[in-house]
Amino acid sequence: MQRVCEICGANTIELEGRCEFNVPEEIAPWLDDYKAMNLGLMSHAEHQAIVARWTLHHSQDKSDKVLGTYAEIVRLYWGRSLILARELPGMAE
């Protein structure tokens, strides 16, 4: 049974029960998104959902308005998988 992260709604990694969006900024899942968007492999909406999930795990120093906006975006994708840019074909360096 797949579990859903209680913070951002992402499907958690089954064996470890951890969320792939709860990582430090230097390895944040959105780092390759602009390249993927430029190549037409990812939409801006998908990028926003990825940033929103990551931000909810790193909410310190974020305004209530920003967190509210990202919470609304996350609700739209709750329990749904998002393909990260680094996993897309054509994104190899």
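The values are calculated or read from the model by the stated rules, or taken from the named source; none is laboratory data. Only a predicted model underlies this, so the values are computations on that prediction, with no experimental measurement involved. FYI the Cβ positions are ideal-geometry reconstructions off the backbone, even for glycines, and counts take in every protein chain you see. For accessibility, only protein heavy atoms count, side chains too; no ligands or nucleic acids. Shrake-Rupley method; radii C 1.70, N 1.55, O 1.52, S 1.80 Å.
General remarks:
- Unpaired Cys in the chain, meaning no second Cys C-beta under 4.7 Å: Cys8.
- Within segment 17-93, the chymotrypsin sites (Phe, Trp or Tyr not before Pro) that combine a DSSP coil assignment with at most 13 other C-beta atoms in a 10 angstrom radius are Trp78.
- Positive minus negative residues near Ala28 (Lys, Arg vs Asp, Glu; Cβ under 11 Å): -3
- Here the accessible area of the chain is 52 percent carbon and sulfur, with a 1.4 angstrom probe and all protein chains present.
- Loop sites by DSSP among the trypsin sites (Lys or Arg not before Pro) of the chain, restricted to those with at most 15 other Cβ atoms within 10 angstrom, leave 4-61 as the longest stretch without any of them.
- When +1 charges are put on Lys and Arg Cβ atoms and -1 charges on Asp and Glu Cβ atoms, the dipole computed for the chain relative to its Cα centre reaches about 280 debye.
- Highest-MSF residue in the chain out of Glu25, Glu16, Glu46 [GNM, Cα springs under 10 Å]: Glu16
- Over segment 1-82, all Cα pairs binned in 5 Å intervals from 0 give whole-percent P(r) values of 3, 16, 25, 24, 20, 10, 2, 0, listed from short to long.
- Residue-normalised accessible area of segment 52-93, given per residue in Å² at a 1.4 Å probe: 67
- Taking the chain and dividing mean pair separation by its residue count, relative contact order in percent (alpha carbons under 8 Å, at least six apart): 35
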